[in-house]
Amino acid sequence: MGTNTSQERMQKKNKTLGEFIIENQTEFQYSTGELSKLINAIRLAAKVVNHEVNKAGLVDILGAAGETNIQGENQQKLDVLANEKFKQTLQNREIVCGIASEEEDEFIPINSQDEQHQNKYVVLIDPLDGSSNIDVNVSVGTIFSIYRRITPIGSPVTLADFLQPGVNQVAAGYIIYGTSTMLVYTTGHGVNGFTLNPAIGTFYLSHPNMQFPDTGTIYSVNEGNYIHFPQGVKDYIKYCQMEEEDRPYTSRYIGSLVSDFHRNMIKGGIYMYPKSSKASNGKLRLLYECNPIAFLAEQAGGKASDGYGRILEIQPGELHQRVPFFCGSRKMVEKAESFMARYA
Ligand code: AHG
Ligand code: MN
Ligand code: MN
């Protein structure tokens, strides 16, 4: 009874994502509503994928799909399914001129039925982040990143439209399929989080203006790779474990970037995927993972670095490029960078 009342109150008081998108359209000078339509399409695809993820275990969508992606990783059935759903939704609505996905070798140009189409945005997605957690009922996510094309509107989209530094992002966000499903995004005016009410299929603004605490006590890193890390990272991890001031910190690592980032943004913390002697650029992908998460981090008052400099300023050289990643509360990232600098 109490829950019902507070749920009703939340629904009366809180904006829906749809209302929020319309209200904030005017933030963009010369806005034609195209970006709003695009975010609406992502909202729709998110609900579809959420529905599928929630059925995992009941229907035959767990496990490996039997293919490897361009990065040599085994594709899971849900990787493939999420990729298809996002692609279909964006393609059918003809609101972007191109899509690049972690699960596709090449970018996909979108040729509209309408020869004269004026679509100016490209989307880059990690359709299913945290693949290793699918089969064990642990939170996974979707990450998206949106740019304005740099080649002329109406002409075929090119690789250059996708290989833009993260500072050029117009919008970015993620969906987290967790204990509840949330869509969190930015258009460069702060970060807002929306929670899905699954009963009625509506996202409500539940986390307005999300902010990273300036510092925190959580460090998130795959310590199984410890002996392969650069000395600066090893020293920083030891620093986190030392009994001084507010330390030792606590270690939390889910293995889904989206979930690890989401927790750290709320509680304060640092996420690290450094390079190692096994992987010279770490594991995470600059275009599908690091840039969108870095944009969100900065918009929430946090920081994102490759250990030495700002992620968002890196000029990408290829679609599936990897980069070491240090992201989270500003002071913690700066501290990690100071350890890295000792061995630079
Ligand atoms: P994806 O499932 O899209 O391939 O991404 C997995 C990424 C990221 O989500 C996570 O933080 C990281 O891989 C975990 O890697 P380890 O298992 O090497 O720690
Ligand atoms: Mn991922
Ligand atoms: Mn993925």
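The values are calculated or read from the model by the stated rules, or taken from the named source; none is laboratory data. Keep in mind the model is a prediction, meaning the values are calculated, not measured. Using ideal geometry, Cβ is built from the backbone for each residue, glycine included, and neighbour counts are taken over all protein chains shown.
Can you list residue pairs whose Cβ atoms sit under 6 Å apart, with the first residue in segment 293-306 being under 17 Å from Lys275 (Cα atoms) and the second being at pLDDT 95 or above and small (Gly, Ala, Ser)? Count only pairs 6 or more apart in sequence or on different chains.
That search, which allows pairs on different chains as well, returns Ala304/Ala294; Ala304/Ala297.
Select from segment 248-263 the residues that are within 11 Å of ligand 2 (Cβ to nearest atom) and not in a helix (DSSP H, G or I) and list them in ascending order.
Gly255, Ser256
To keep it simple, each residue is scored yes or no on (1) touching a Gly at 6+ places or on another chain (Cβ under 7 Å); (2) under 19 Å from Val184 (Cα atoms).
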{"site": "Leu38", "(1), (2)": "no, yes"}
{"site": "Ala41", "(1), (2)": "no, yes"}
{"site": "Glu52", "(1), (2)": "no, no"}
{"site": "Val80", "(1), (2)": "no, no"}
{"site": "Asn92", "(1), (2)": "no, no"}
{"site": "Cys97", "(1), (2)": "no, no"}
{"site": "Ile125", "(1), (2)": "no, yes"}
{"site": "Ser132", "(1), (2)": "yes, no"}
{"site": "Val136", "(1), (2)": "no, no"}
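Could you look through segment 118-146, keep only residues that are among the small types (Gly, Ala, Ser) and at pLDDT 90 or above, and pick out the one that is nearest to ligand 1 (Cβ to nearest atom)? Spell out how you get there, then give the answer.
Our first condition is that a residue be among the small types (Gly, Ala, Ser); within segment 118-146, this holds for 130-132, 139, 141, 145.
Those left that are additionally at pLDDT 90 or above: 130, 139, 141, 145.
Working: Gly130: 5, Ser139: 10, Gly141: 8, Ser145: 13 Å.
Applying the filter and picking the extreme gives Gly130.
Tell me, which strands (runs of 3 or more DSSP E) wholly within segment 38-150 include 2 or more residues that are closer than 28 Å to Asn168 by Cβ? So that I can check it myself, show each step before the final result.
On the way: elements: 64-68, 74-76, 98-101, 121-129, 140-148.
It comes to 98-101, 121-129, 140-148.
Yes/no matrix, rows are residues, columns are (1) closer than 14 Å to Leu38 by Cβ; (2) within 16 Å of ligand 3 (Cβ to nearest atom); (3) not aliphatic (A, V, I, L, M):
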site	(1), (2), (3)
Glu104	no, yes, yes
Asn111	no, no, yes
Val138	no, yes, no
Ile143	no, yes, no
Pro156	no, no, yes
Tyr174	no, yes, yes
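Would you be able to tell me the number of residues in segment 61-113 that are hydroxyl-bearing (Ser, Thr, Tyr) and at pLDDT 85 or above? Before the answer, list the steps.
Of the residues in segment 61-113, the ones hydroxyl-bearing (Ser, Thr, Tyr) are 68, 89, 101, 112.
This time we only want the ones that are at pLDDT 85 or above, so: 89, 101.
Counting residues in segment 61-113 that are hydroxyl-bearing (Ser, Thr, Tyr) and at pLDDT 85 or above gives 2.
When the residues of segment 145-154 are narrowed to those that are more than 16 Å from ligand 3 (Cβ to nearest atom) and in contact (Cβ under 8 Å) with a residue 12 or more places away in the chain, which ends up farthest from Lys303 (Cα to Cα)? Step through it out loud before you land on a result.
At the first step, the residues of segment 145-154 found to be more than 16 Å from ligand 3 (Cβ to nearest atom) are 146-154.
When the remaining residues are screened for being in contact (Cβ under 8 Å) with a residue 12 or more places away in the chain, the result is 146-150, 153-154.
Values: Ile146: 20, Tyr147: 20, Arg148: 23, Arg149: 26, Ile150: 27, Ile153: 33, Gly154: 36 Å.
Residue satisfying both the conditions and the ranking: Gly154.
Do you know which of the residues in segment 284-301 that are assigned to a loop (DSSP other than H, G, I, E, B) and within 15 Å of the chain's Cα centre (by Cα) is farthest from ligand 2 (Cβ to nearest atom)? Spell out the reasoning first.
Within segment 284-301, the first condition is being assigned to a loop (DSSP other than H, G, I, E, B), and the residues that meet it are 284, 300-301.
Imposing the further condition that a residue be within 15 Å of the chain's Cα centre (by Cα) reduces the set to 284, 300.
Details: Leu284: 7, Ala300: 20 Å.
That would be Ala300.
Based on this model, can you work out whether Tyr185 counts as outside the structural domain of Ile266 (by TED's automatic domain parsing), within 15 Å of Arg263 (Cβ to Cβ) and either under 18 Å from the mean Cα position of the chain (by Cα) or at pLDDT 95 or above (or both)? Break it down into steps so the answer makes sense when it comes.
Numbers: outside the structural domain of Ile266 (by TED's automatic domain parsing): yes; within 15 Å of Arg263 (Cβ to Cβ): no; either under 18 Å from the mean Cα position of the chain (by Cα) or at pLDDT 95 or above (or both): yes.
Judged against the criteria, Tyr185 is not a match.
As an exercise: evaluate Gln164 against (1) more than 16 Å from ligand 3 (Cβ to nearest atom); (2) of a type in the set (S, T, N, Q); (3) modelled with pLDDT under 95 and give the number of the one condition it does not meet.
All conditions pass for Gln164, except number (3).
Going through segment 264-276 one residue at a time, which ones are assigned to a loop (DSSP other than H, G, I, E, B) and touching a Ser or Thr at 6+ places or on another chain (Cβ under 6 Å)?
Residues of segment 264-276 assigned to a loop (DSSP other than H, G, I, E, B): 268, 274-276.
Selection gives Gly268 alone.
Identify, please: which residue in segment 158-172 is of a type in the set (A, V, I, L, M, F, W, C) and touching a helix residue (DSSP H, G or I) at 6+ places or on another chain (Cβ under 6 Å) and is, among those, nearest to Gly33 (Cα to Cα)? Spell out the reasoning first.
Just the residues of segment 158-172 that are of a type in the set (A, V, I, L, M, F, W, C), to begin with: 159-160, 162-163, 167, 170-172.
Going one step further and asking which of them are touching a helix residue (DSSP H, G or I) at 6+ places or on another chain (Cβ under 6 Å), we end up with 167, 172.
Numbers: Val167: 22, Ala172: 17 Å.
If we take residues in segment 158-172 being of a type in the set (A, V, I, L, M, F, W, C) and touching a helix residue (DSSP H, G or I) at 6+ places or on another chain (Cβ under 6 Å), then Ala172 is nearest to Gly33 (Cα to Cα).
Go over the candidates Asn74, Asn92 one by one and state the one that is within 16 Å of ligand 2 (Cβ to nearest atom) and exposed (fewer than 15 other Cβ atoms within 10 Å of the Cβ). Before you say what the answer is, go through the steps one by one.
On the way: Asn92 fails: within 16 Å of ligand 2 (Cβ to nearest atom).
Asn74 is the lone residue from the list that is within 16 Å of ligand 2 (Cβ to nearest atom) and exposed (fewer than 15 other Cβ atoms within 10 Å of the Cβ).
If you scan segment 12-27, which residues turn out to be of a type in the set (Ser, Thr, Tyr) and part of a helix (DSSP H, G or I)?
Thr26
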